[in-house]
1. Restricting attention to segment 246-268, does a residue exist that is in a helix (DSSP H, G or I), touching a strand residue (DSSP E or B) at 6+ places or on another chain (Cβ under 7 Å) and either in contact (Cβ under 8 Å) with a residue 40 or more places away in the chain or not hydrophobic (A, V, I, L, M, F, W, C) (or both)?
2. I'd like the full set of residues that are modelled with pLDDT of 90 or more, over 19 Å from the mean Cα position of the chain (by Cα) and not aromatic (Phe, Trp, Tyr), limited to segment 210-247.
3. If you scan segment 322-372, which residues turn out to be in a loop (DSSP other than H, G, I, E, B), in contact with a Phe, Trp or Tyr (Cβ under 8 Å, 6 or more places away or on another chain) and of a type in the set (S, T, N, Q)?
4. Just checking, does segment 298-319 include any residue being more than 30 Å from residue 369 (Cα to Cα), loosely packed, with under 13 Cβ neighbours inside 10 Å and free of Cβ contacts under 8 Å to residues at least 12 places away in the same chain?
5. Within segment 86-98, identify whether any single residue is part of a loop (DSSP other than H, G, I, E, B), touching a helix residue (DSSP H, G or I) at 6+ places or on another chain (Cβ under 8 Å) and at pLDDT below 95, and answer yes or no.
6. Restricting attention to segment 34-53, and to residues there that are touching a strand residue (DSSP E or B) at 6+ places or on another chain (Cβ under 8 Å) and without any contact (Cβ under 8 Å) to a residue 12 or more places away in the chain, which single residue is surrounded by the fewest Cβ atoms within 10 Å (Cβ to Cβ)?
7. Taking the condition hydroxyl-bearing (Ser, Thr, Tyr) and exposed (fewer than 15 other Cβ atoms within 10 Å of the Cβ), does residue 226 pass?
8. When only residues in segment 320-353 that are among the acidic types (Asp, Glu) and under 30 Å from residue 288 (Cβ atoms) count, which is surrounded by the most Cβ atoms within 10 Å (Cβ to Cβ)?
Amino acid sequence: MRAVIRFVLSLVIILAIAWVGLWWYAEGRMDSGFTAWADQLATQGWKVSYNTLTRGTSPLKAQITLTNLALSPPPDAQGRSGTITLPSAGLEIDALNPLVLHTNLPNQIGVDIGDDIGAAVTFTGISLTEQLDTHALFSNGAYPYRSGTLAASGIDILASQGSLLVLHIDAINSHFTIDPDAGSAAAALAGTENFDGIAVSPLMTHLLSIPFGGRIAHLGLTLNVSGPLPPGLAQIVTQFKAIPTSDQAAQQRLLVPVVHSWAAGGGSGNLAFTGVLGPTTISSDAAVKFDANLQPEGNADLTANHLDEFFATLANAYPQLQSDIAQAEAELSTYLTATNTGGQTLAMHATFGNGAITINGQKTAPLPTINWTTLENPTPAPPQAPGDGSGAAQ
């Protein structure tokens, strides 16, 4: 019996020592990870500051906490910038769930864009978690996350130093999963974004005569991309961020070979969107893959109901748009039908491939052939001459 007790006590001590070591390591990785993130932002022209960074002391969770974190993006062409301030922020891993990283965010985030123009974003509740990958966790160069979830509720965007409501959102929910080793038959990246109860403030709705009560009931986006993901994707993203936004040729030279390699490996993807605005529900989705010649092929669908009510309300709110609305209805007339339950309904089914685009069975346009070599070697834009930006020398 004594031997059993000694064994149990020894096991407990070993586990306790292992946890303390892991706890210390986790807090060190959080500390160094934040520092690396701040350094990366600094190379892109951001300014990052904070008052204190402290490590947690509870053995039940590994934690770091920052106070008065301030982020300032690079100045624009006119030298203007701004500052995003968080009274506190931190990272946390609980002992009972050691593979879930919690990002602790405050219920109010300040935004200052200069000239005494201040705004704030407040939340009734906000939660951000990410699932860690055990294989990548102890590798400094690997992307350590395999999924993540953001859930926020009662979001208010406030102007005038946080005293004037501009926009309210009932809830934001998003989720992503990533599998760097996925092949063409598996999902390498999947994500969903949902926004519910988006509403402009009643004051602005009244002043601007915004239709539908200034409210969008729902917006949703779903993305699925199959493998194979290119090796060193994180480094590619870092390289892309380092390219000036004005150098589109350099961006193209970096990204097109990645897309070409993905297509050659059997890559495919689909995207779906849903929206509810006033009486109308809009739904669309698209899927793409590549044939033996690495030319895109796929299909897309778009449906919407109660367009008669939608267009009538829009025209009543903005009479100046009546001619544009009439023109849009005329162009869509081929794809419109009327039902007792859905009112004026739009239904479009498009396919593309083999050099053609068809909508509802009718060929509507040719599909240009992709020349990968040309895309991968774009001609840089000529330098712009000083003056008005037209390119003509002064």
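The values are calculated or read from the model by the stated rules, or taken from the named source; none is laboratory data. Please read all numbers here as calculations on a predicted model, not as lab measurements. Neighbour counts are summed over all protein chains in view; Cβ atoms, including those assigned to glycine, are modelled from backbone coordinates with ideal geometry.
1. no
2. Step one: filter segment 210-247 for residues modelled with pLDDT of 90 or more, giving 210-226.
Retained after the next criterion (residues that are over 19 Å from the mean Cα position of the chain (by Cα)): 210-217.
Hits for segment 210-247 are 210, 211, 213, 214, 215, 216, 217.
3. Taking segment 322-372 first, the residues in a loop (DSSP other than H, G, I, E, B) are 340-342, 354-355, 360-361, 367-371.
Pick out the ones that are also in contact with a Phe, Trp or Tyr (Cβ under 8 Å, 6 or more places away or on another chain) and you get 360, 367.
Result: 360, single match.
4. The answer is yes, given that some residue of segment 298-319 is more than 30 Å from residue 369 (Cα to Cα), loosely packed, with under 13 Cβ neighbours inside 10 Å and free of Cβ contacts under 8 Å to residues at least 12 places away in the same chain.
5. Within segment 86-98 (the criterion being part of a loop (DSSP other than H, G, I, E, B), touching a helix residue (DSSP H, G or I) at 6+ places or on another chain (Cβ under 8 Å) and at pLDDT below 95), the answer is yes, since at least one residue qualifies.
6. 42
7. Considered against the rule, which asks whether it is hydroxyl-bearing (Ser, Thr, Tyr) and exposed (fewer than 15 other Cβ atoms within 10 Å of the Cβ), residue 226 comes out as no.
8. Ranking the qualifying residues of segment 320-353, first place goes to 329.
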